[in-house]
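Following: one structure in structure tokens, then a few remarks.
The values are calculated or read from the model by the stated rules, or taken from the named source; none is laboratory data. Nothing here was measured: the structure is a model prediction, and the numbers come from that model. Positions of Cβ are generated from backbone atoms using ideal geometry, with glycine treated the same way; all protein chains shown enter the neighbour counts.
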Amino acid sequence: MRLSFILNGHQVVLETAPDRRAIDLLREDVTHEDLLGFDLVCHDHRALEVKEGCGTGECGACSILVDGVHRLACLMLAAQLEGREVVTAAGLGTQADPHPLQRAFAEHGAVQCGYCTPGMVVAAAALLEQNPAPTRAEIRQGLSGNLCRCTGYVKIVDAVQAVAKDFAGEDSAEEPGAPCAENEGERP
Ligand code: FES
Ligand code: FES
């Protein structure tokens, strides 16, 4: 089938099998060639930041935004991207102009091996879009579908909470009287 969608602000048109997994399409297929003058220019929009962990909807590493909604690319088919706007972690911000969450993850040491990070940042962005001032419990709940084997989650929650506070302009994301309840090695 001929598939047309927007990926991180770029219009993408390509031929694909409708039952190809969206994660494979995004990681492998999103290239095209243009003849510009005498030069054949390859445009490479492959989204290698969309990671595959489990491939079965359990880890969140493949998190993307589809029309602003948090989805798992390993559970979507290519055909489901038709006409949609897809944003990955690379579309949230760049190295030169990072998204506040990307900056906060770096500043709070919320990244170790980094494999979960693109999906975690996308999930956090979706969470803050729905709830700009979440409590720590709401952050843990909102990120509960995203697994991290390295950080113990505390610094990830710290990073998201810091951005929420910045957005709110106050300490509204504090959970009054609640001790830090995150445990190393457990899901957020
Ligand atoms: S790779 Fe999609 S949820 Fe794990
Ligand atoms: S930083 Fe390694 S899996 Fe999260």
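Please verify whether Cys42 is over 19 Å from Asp158 (Cα atoms) and either assigned by TED's automatic domain parsing to the domain that holds Leu143 or within 15 Å of ligand 1 (Cβ to nearest atom) (or both), treating the condition exactly as stated.
No.
Report whether or not Asn183 is at pLDDT below 95 and within 16 Å of ligand 2 (Cβ to nearest atom).
When the stated conditions are applied, Asn183 passes them.
For residues that are out of contact with any Gly (no Cβ under 8 Å at 6 or more places or on another chain) and within 16 Å of ligand 1 (Cβ to nearest atom), tally how many sit in the stretch 110-119.
4
Run Gly83 past the list (1) touching a residue at least 60 places away in the same chain (Cβ under 8 Å); (2) surrounded by 12 or more Cβ atoms within 10 Å (Cβ to Cβ); (3) not assigned by TED's automatic domain parsing to the domain that holds Arg149 and report the number of the one that doesn't hold.
The single condition Gly83 does not satisfy is (2).
Please work out which residue is farthest from ligand 2 (Cβ to nearest atom), limiting yourself to the stretch 123-153 and to residues that are crowded, with 17+ Cβ neighbours inside 10 Å and under 18 Å from Thr56 (Cα atoms).
If we take residues in the stretch 123-153 being crowded, with 17+ Cβ neighbours inside 10 Å and under 18 Å from Thr56 (Cα atoms), then Gly145 is farthest from ligand 2 (Cβ to nearest atom).
Each row is one residue, and each column tells you yes or no for (1) closer than 27 Å to Ala168 by Cβ; (2) within 15 Å of ligand 1 (Cβ to nearest atom); (3) at pLDDT below 95.
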{"site": "Gly68", "(1), (2), (3)": "yes, no, no"}
{"site": "Arg71", "(1), (2), (3)": "yes, yes, no"}
{"site": "Met76", "(1), (2), (3)": "no, yes, no"}
{"site": "Glu85", "(1), (2), (3)": "yes, no, no"}
{"site": "Thr94", "(1), (2), (3)": "yes, no, yes"}
{"site": "His99", "(1), (2), (3)": "yes, no, no"}
{"site": "Arg103", "(1), (2), (3)": "yes, no, no"}
{"site": "His108", "(1), (2), (3)": "yes, no, no"}
{"site": "Ala123", "(1), (2), (3)": "yes, yes, no"}
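Which of the residues belonging to the stretch 104-139 are of a type in the set (A, V, I, L, M, F, W, C) and either outside any helix (DSSP H, G or I) or not assigned by TED's automatic domain parsing to the domain that holds Ala164 (or both)?
Ala110, Val111, Cys113, Cys116, Ala133
Name the single residue that is nearest to Gly91 (Cα to Cα) among those in the stretch 38-75 being small (Gly, Ala, Ser), part of a loop (DSSP other than H, G, I, E, B) and within 16 Å of ligand 2 (Cβ to nearest atom).
Ala61
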